[in-house]
Amino acid sequence: MSVDFKKYIASVQNFPNEGIVFRDITPILQDGKLYRAATHELAEYAKSRGAEVIVGPEARGFIVGCPVATELGLGFVPARKPGKLPRETEKASYDLEYGSNSLEMHKDAIKPGQKVVICDDLMATAGTLHATKELVERMGGEVVGAAFYIELPDLKGREKFPDTDIFSLVQMEGA
């Protein structure tokens, strides 16, 4: 099923702050065939990279990454907002287009040498990718790729990761 996913992404002006154009993937998620097609494309990418586990940052990374992991028969590791995980964690901070935040993962979530693909809905300035990658590498994992529904190339997130293979279903302007 060849799909122009861009047609199904809603653009919401001034959300969550003035001047931001929010790229909303829920129209894809609401259509089972589209959601399956998007999941399949990301899963094929992760498989081509030799992924052994999928990592997804909170919260839309769960929606994107869990079905990819399921399709491939792999485990899924959540990267959560602070204070959400019950056992000992590692923490990394990052900046967004409109603020800053942190992510945490259980210290034993990634095995040394394990090949990881990070899945999320959108890459803009790549702050979330930076923090997630930092956590994986701190635990000895190897990020072999990152997969997104949407990439905003004008915000130059990809340029911050010249050694990371990045895949996106669509590219759109950031503002």
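The values are calculated or read from the model by the stated rules, or taken from the named source; none is laboratory data. As the structure is a computational prediction, the values presented were derived from the model and not from experiment. Every residue, glycine among them, receives a Cβ derived from its backbone with ideal geometry; neighbour counts consider all protein chains shown.
Computed values, structure above
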| item | result |
| --- | --- |
| Selection from region 146-165 of residues that are among the basic types (Lys, Arg) and either in contact with a strand residue (DSSP E or B) (Cβ under 8 Å, 6 or more places away or on another chain) or in a loop (DSSP other than H, G, I, E, B) (or both) | Lys156, Arg158 |
| Positions within region 18-54 being under 13 Å from Asp121 (Cα atoms) and in contact with a helix residue (DSSP H, G or I) (Cβ under 6 Å, 6 or more places away or on another chain), in sequence order | Pro27, Ile28, Leu29, Tyr35, Ala38, Thr39, Leu42 |
| Test for Lys7: is it at pLDDT 95 or above, surrounded by 14 or more Cβ atoms within 10 Å (Cβ to Cβ) and not hydrophobic (A, V, I, L, M, F, W, C) | no |
| Enumeration of residues in region 54-68 that are without any contact (Cβ under 8 Å) to a residue 40 or more places away in the chain and either closer than 17 Å to Ala37 by Cβ or surrounded by fewer than 17 Cβ atoms within 10 Å (Cβ to Cβ) (or both) | Ala59, Cys66, Pro67 |
| Any hit, region 24-33, residues being within 28 Å of Glu142 (Cα to Cα), at pLDDT 95 or above and among the basic types (Lys, Arg) | no |
| Given (1) more than 23 Å from Val21 (Cα to Cα); (2) outside any helix (DSSP H, G or I), number of the condition Ser168 does not satisfy | (1) |
| So Ala43, is it buried (at least 19 other Cβ atoms within 10 Å of the Cβ), at pLDDT 95 or above, aliphatic (A, V, I, L, M) and out of contact with any strand residue (DSSP E or B) (no Cβ under 8 Å at 6 or more places or on another chain) | yes |
| Check on Ala51, closer than 16 Å to Leu72 by Cβ and free of Cβ contacts under 8 Å to residues at least 40 places away in the same chain | no |
| Residue in region 99-119 that is β-branched (Val, Ile, Thr) and more than 17 Å from Gly56 (Cβ to Cβ) present | no |
| Strands (runs of 3 or more DSSP E) wholly inside region 78-145 containing at least 3 residues that are surrounded by fewer than 19 Cβ atoms within 10 Å (Cβ to Cβ) | 89-96, 99-106 |
| Top-ranked residue of region 16-28 - restricted to ones that are more than 17 Å from the chain's Cα centre (by Cα) and surrounded by 13 or more Cβ atoms within 10 Å (Cβ to Cβ), ranked as farthest from Leu169 (Cα to Cα) | Ile20 |
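Here is a yes/no grid of residues against (1) out of contact with any Gly (no Cβ under 8 Å at 6 or more places or on another chain); (2) over 22 Å from Tyr35 (Cα atoms); (3) at pLDDT below 95:
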| residue | (1), (2), (3) |
| --- | --- |
| Thr89 | yes, yes, no |
| Tyr98 | yes, yes, yes |
| Met105 | yes, yes, no |
| Glu151 | no, no, no |
| Asp165 | no, yes, no |
